[in-house]
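What follows is one structure encoded as structure tokens, with my remarks underneath.
The values are calculated or read from the model by the stated rules, or taken from the named source; none is laboratory data. Bear in mind the structure is a predicted one, so any value in this text is a computation, not a measurement. Cβ coordinates were reconstructed from backbone atoms using ideal geometry, including for glycine residues, and neighbour counts include every protein chain displayed.
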Amino acid sequence: MNIFQDSCCSILGFLLVFFLQGSCTNPDVEVHKAVGDLLDLIADYPKEDLEVQWTYNNEIHIAEYDNNKIKKLKSQFYKRLEMNEDNISIKVKDLKLQDSGIFSIVAKTNSVQYPTKLIQLHVHDLIRDVQIESSNSWLPSKNICMFHLQCQASGDPNPSYSWSGDLVKTGPNLNINLRLAESATLNCTANNTVSVKHTTKTVVCRGKNEYSRFCVKM
Ligand SMILES: *[C@@H]1O[C@H](CO)[C@@H](O)[C@H](O)[C@H]1NC(C)=O
Ligand SMILES: *[C@@H]1O[C@H](CO)[C@@H](O)[C@H](O)[C@H]1NC(C)=O
Ligand SMILES: *[C@@H]1O[C@H](CO)[C@@H](O)[C@H](O)[C@H]1NC(C)=O
């Protein structure tokens, strides 16, 4: 019986969370920030009689404003919260990846219930570095070098990559064939919504001697 009740409750809990999240899938604003940035959440309403609640993911109360005072509440943001009573705003400082989620601002007075403001926050890593790795093989039958280039960024695990220079392409990989003594200069750019980095590499086809260990045996 107990087992039945437990699973019943967890199903109800699941549905509740599901509906609460479902009701939040239409944020008023989506905000993209880098790790370490800050998020400013302002309750831009006339001050008279105003009561405000700042909430995270629909269930964690972060702060509230009442009687001209902002009070911090126990949450994972407690130590990183800065409050300003003049413009009725709170600042979440030193943003972390796991802060990504939905913040809401609920405000009312004795006579007015303002529409809830939903702010969807996405926190991203900055792209720290970008490098081009290259490998190649010499094809004696055609007198060409076949280069395989791979662009690798660190920081964000999922950036967008694009190539410019002697060849234009999107994606992290690039293949290029060069004739003996030909060269190509290629520029790889990695970006996400909060940062961009690029690097350049020149490759030269030197024939079989220099690259004998990659030689295609014929
Ligand atoms: C509110 O005021 C504080 C202090 O002047 C300022 O740092 C903050 O950016 C303001 N917030 C907004 C959203 O204007
Ligand atoms: C590489 O691409 C970036 C971004 O498009 C550009 O700012 C930079 O000047 C390019 N560098 C070279 C050497 O072409
Ligand atoms: C990189 O920049 C392009 C163009 O601004 C944008 O469409 C793309 O979404 C960005 N990539 C990521 C991972 O945000």
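Out of curiosity, is GLU182 more than 16 Å from ligand 2 (Cβ to nearest atom), out of contact with any Lys or Arg (no Cβ under 7 Å at 6 or more places or on another chain) and at pLDDT 95 or above? Steps first, answer last, please.
Working: more than 16 Å from ligand 2 (Cβ to nearest atom): yes; out of contact with any Lys or Arg (no Cβ under 7 Å at 6 or more places or on another chain): yes; at pLDDT 95 or above: yes.
Spelling it out, GLU182 is indeed more than 16 Å from ligand 2 (Cβ to nearest atom), out of contact with any Lys or Arg (no Cβ under 7 Å at 6 or more places or on another chain) and at pLDDT 95 or above.
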Could you grab me the full set of residues in segment 145-170 that are within 12 Å of ligand 3 (Cβ to nearest atom) and loosely packed, with under 14 Cβ neighbours inside 10 Å? PRO157, ASN158, THR170
So which residues in segment 187-210 are in a strand (DSSP E or B) and away from ligand 2 (no atom under 16 Å from the Cβ), if there are any at all? VAL204
Out of THR116, THR185, sole residue that is free of Cβ contacts under 8 Å to residues at least 40 places away in the same chain and assigned by TED's automatic domain parsing to the domain that holds PRO27: THR116
Within segment 32-55, track down each residue that is in a strand (DSSP E or B) and either under 18 Å from the mean Cα position of the chain (by Cα) or of a type in the set (Asp, Glu) (or both). HIS32, LYS33, ALA34, LEU39, ASP40, GLU51
Some residue of segment 95-112 being more than 30 Å from TYR65 (Cα to Cα) and among the β-branched types (Val, Ile, Thr): no
